[in-house]
Amino acid sequence: MSLYTLAFREDAGPSCRFGPEERLVVAAELMATIGAVDGDALIALPAGYAVAASLDEREGWAEGLAAASRNAGVGVVFGLDVDDAVRWGMERSLRSFVYAIDRGRRLLWGTPPTGRASALAERTVTFGALRTTLLFGRELFEARAVATVEKARPDLVVVLGHGAPTRKWLPQLAAVDDVAPTLVVHQQLEVRRPVAVPPPRGWRPTVSRGPVRVVSYRREADGAAACVVGN
């Protein structure tokens, strides 16, 4: 199986060419392009890939990406946020949800962050033959997160972040990666003192050029060191 991630380089600057609707279109187009040439692929999009104004809008967007997954014949993981603070009368606080779909089949649907062991235990799903545990970046700091991965023993852990990891992530990521290769997928949002993290153990990345950053990962059959191509 091949892995693909998608992010927008503009998120690190003041420009904003890609609004929520455009981002959804780009994701659907990427699924169609990959599905035409790679019949065994998983696309991982970051937490907060698009921000909806309501739960109804979020559901409509999720349904659209599920249909794109089914039509393209690929798996997809993505995070959607909802900014409905006005409705709830609170200060602005986005609510985050994760979705996992395998060729149109719903594996996780609108699942929020949690610290409960029973809920984390349901985060391990299978795309094709790839057993995968899904975590939000903030959940790495929950005491039960590593225990969940140790119990599940997945082939891969996917961590969805809003921004790049920082130094405080490193011990938690190392603990998870000791159990299973770990892929961190995040937006290009600016954070203070971000750190680079390696690709998942045993996977070789290739990075595309242009305003939309697509990274493809393929298993390393020969154990050679990973390399990054492009910029």
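The values are calculated or read from the model by the stated rules, or taken from the named source; none is laboratory data. No experiment lies behind these values; they were computed from the predicted model shown. Cβ: placed from backbone, ideal geometry, glycine included. Neighbour counts: every protein chain shown.
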Return the only residue of TRP61, TRP109 being exposed (fewer than 15 other Cβ atoms within 10 Å of the Cβ), modelled with pLDDT of 95 or more and under 17 Å from the mean Cα position of the chain (by Cα). TRP109
Tell me, please, whether a residue that is part of a loop (DSSP other than H, G, I, E, B), at pLDDT 85 or above and under 21 Å from GLY79 (Cβ atoms) can be found in region 213-230. no
Over region 1-12, the set of residues more than 15 Å from PHE78 (Cβ to Cβ) and either modelled with pLDDT of 90 or more or not small (Gly, Ala, Ser) (or both) is MET1, SER2, ARG9, GLU10, ASP11
Please find, within region 122-170, the residue that is surrounded by the most Cβ atoms within 10 Å (Cβ to Cβ) out of those that are among the charged types (D, E, K, R) and within 20 Å of GLY79 (Cα to Cα). ARG123
Pick from region 197-212 the residues that are more than 22 Å from VAL157 (Cβ to Cβ) and small (Gly, Ala, Ser): which of them is modelled with the lowest pLDDT? GLY210
Of everything in region 13-46 that's in contact with an Asp or Glu (Cβ under 7 Å, 6 or more places away or on another chain) and over 23 Å from VAL98 (Cβ atoms), which residue is modelled with the lowest pLDDT? CYS16
So how many residues does region 181-196 have that are farther than 22 Å from ALA50 by Cβ, at pLDDT below 90 and buried (at least 19 other Cβ atoms within 10 Å of the Cβ)? 0
